[in-house]
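Report on the following structure.
The values are calculated or read from the model by the stated rules, or taken from the named source; none is laboratory data. Note that the coordinates shown come from a computational prediction; the quantities given were computed from them, not determined experimentally. Cβ sites come from the backbone with ideal geometry, for glycine too, and all protein chains shown count toward neighbours. Side chains included, ligands, DNA and RNA excluded: accessible areas come from the protein's heavy atoms. Shrake-Rupley method; radii C 1.70, N 1.55, O 1.52, S 1.80 Å.
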Amino acid sequence: MGKSTDIARAKARRLKGMIKESDGIALENERLKAEGRKEQAEALREEALARATRAASDR
């Protein structure tokens, strides 16, 4: 995969986590909120890794 594609995929996953978290808030479902937060954190890590890989290859 291309580096830009990896970054976009991570951002989409982070958005999916935000939606899960907001659904959990609306439904008062703690499990869904926690799952959304976890997915957001993992996506942020993936995005940071993709950005670092992209920066390293640009040098």
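Results, tabulated for the structure shown:
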| read-out | value |
| --- | --- |
| Criterion (in contact with a Ser or Thr (Cβ under 8 Å, 6 or more places away or on another chain) and either part of a helix (DSSP H, G or I) or touching a residue at least 24 places away in the same chain (Cβ under 8 Å) (or both)) met by exactly one of Gly36, Gly24 | Gly36 |
| Hey, Leu32 open to solvent by 60 Å² or more (accessible area, probe 1.4 Å) and not hydroxyl-bearing (Ser, Thr, Tyr) or not | no |
| Index of the failed condition, Ser22 passing every other in (1) at pLDDT 95 or above; (2) open to solvent by 70 Å² or more (accessible area, probe 1.4 Å); (3) among the hydroxyl-bearing types (Ser, Thr, Tyr) | (2) |
| Verdict on Ala8 being part of a helix (DSSP H, G or I), more than 20 Å from Ala56 (Cα to Cα) and hydrophobic (A, V, I, L, M, F, W, C) | no |
| Filtered residues of region 35-57 (kept if under 11 Å from the mean Cα position of the chain (by Cα) and open to solvent by less than 90 Å² (accessible area, probe 1.4 Å)) | Gly36, Glu39, Gln40, Ala41, Glu42, Ala43, Leu44, Glu46, Glu47, Ala48 |
